[in-house]
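Visitor: Take a look at the following structure, please.
The values are calculated or read from the model by the stated rules, or taken from the named source; none is laboratory data. These numbers were taken from a predicted model, which means no experiment stands behind them. Cβ placement follows ideal geometry from the backbone for every residue including glycine, while neighbour counts extend to all protein chains displayed.
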Amino acid sequence: MNIKNLFGKRNEIIGGHFNELRSKMGVANQNEEAVFAIREEICNACPLKTGNNCNAVKWMNPDTLEVADAPKDGFIRGCGCRLSAKQRSKLSLCPAGFWGGEFK
């Protein structure tokens, strides 16, 4: 990963945690929270969700939702992120393409 990508990921992580904190404090932007709630519903239905994380040791076919323990053609790997923060990052994208880009 190059330095530019590394700093971009840092901004995603910080933004997600900041928005998570704003939500817990009751000062969140309600329009943004509506989008974040939809993202949470999508993640809750995803077979890669394990607890509050996207399972980085599993692979999934985004079209069929089939899960595998090893890479296969057409399968994506879980990102490993803590979902309660990632879902609230306006810059983040679901690795399976289920959400992201709503704030462009």
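Visitor: Considering 90, 49, which residue is touching a Leu at 6+ places or on another chain (Cβ under 9 Å) and charged (D, E, K, R)?
Guide: 49
Visitor: Output the residues belonging to segment 16-61 that are within 22 Å of residue 73 (Cα to Cα), of a type in the set (A, V, I, L, M) and more than 15 Å from the chain's Cα centre (by Cα).
Guide: 57
Visitor: With the requirement that a residue be without any contact (Cβ under 8 Å) to a residue 40 or more places away in the chain and in contact with a helix residue (DSSP H, G or I) (Cβ under 9 Å, 6 or more places away or on another chain), what does segment 54-92 give you?
Guide: 79, 81, 82
Visitor: Answer yes or no as to whether residue 70 is out of contact with any Leu (no Cβ under 8 Å at 6 or more places or on another chain), hydrophobic (A, V, I, L, M, F, W, C) and part of a loop (DSSP other than H, G, I, E, B).
Guide: Taking the combined requirement at face value, the residue satisfies it.
Visitor: On to the next question. Restricting to segment 49-85, and then to whatever is modelled with pLDDT of 95 or more and among the charged types (D, E, K, R), can you tell me which residue is nearest to residue 24 (Cα to Cα)?
Guide: Step by step, filter segment 49-85, then rank; the result is 49.
Visitor: Among the residues of segment 43-67, which ones are in contact with a strand residue (DSSP E or B) (Cβ under 9 Å, 6 or more places away or on another chain) and either basic (Lys, Arg) or assigned to a loop (DSSP other than H, G, I, E, B) (or both)? Please lay out each step first, then the result.
Guide: Going residue by residue through segment 43-67, those that are in contact with a strand residue (DSSP E or B) (Cβ under 9 Å, 6 or more places away or on another chain) are 43, 46-48, 52-62, 66-67.
Listed by number, the residues that qualify are 46, 47, 48, 52, 55, 56, 57, 58, 61, 62, 66.
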